[in-house]
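Every number here is computed from the coordinates shown, using simple stated rules; none is lab data. Here the structure is a predicted model, which is why all the values come from computation and not from measurement. Here the Cβ positions follow ideal geometry from the backbone for every residue, glycine too, while neighbour counts run over all protein chains shown.
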Amino acid sequence: MSWKEENNKLIKEFRFKTFEEAFSFMQKVAVVAEKLNHHPSWYNSYNFVRIELCTYDKGNIVTEKDYQLAKEIDEIL
């Protein structure tokens, strides 16, 4: 699944084999997000991770910062 733009957010869902794989992925995303100073909203349950991106300081809309973070998240996989 690729990123979809919905309700002023970029959204993507990820499934992994285990909770440990999902959590490892989230840790890697956290490092990239901190580097870009752009932090996602996300939800995790066992092997499932849902990430939502929008730029809060621009009025909760999708901006180039969101596309950049989405691109870097995809490169983690």
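Relative to the longest principal axis of the Cα atoms of the chain, helix 19-36 runs at roughly 30 degrees.
Between the helical axis of 64-76 and the dominant principal axis of the chain, each derived from Cα atoms, what acute angle in degrees is found, rounded to the nearest 10? Taking the Cα atoms of the chain, the angle to 64-76 is about 20 degrees. Test of the criteria: in the chain, which trypsin sites (Lys or Arg not before Pro) are in a DSSP loop and have at most 15 other Cβ atoms within 10 angstrom of their Cβ? Here the trypsin sites (Lys or Arg not before Pro) that fit, given the DSSP loop and packing criteria, are Lys17. Helical content of the chain, expressed as a calculated mean residue ellipticity at 222 nm, amounts to -13500 deg cm²/dmol (DSSP H runs of 4 or more residues, -39,500 (n - 2.57) each, divided by residue number, nearest 500). Along its three principal directions, the equivalent ellipsoid of the chain from the Cα gyration tensor extends over semi-axes of 21, 13, 10 Å, largest first.
Restricting attention to the chain, the count of lysine pairs at 8 or more positions apart or across chains with alpha carbons under 17 Å apart stands at 13.
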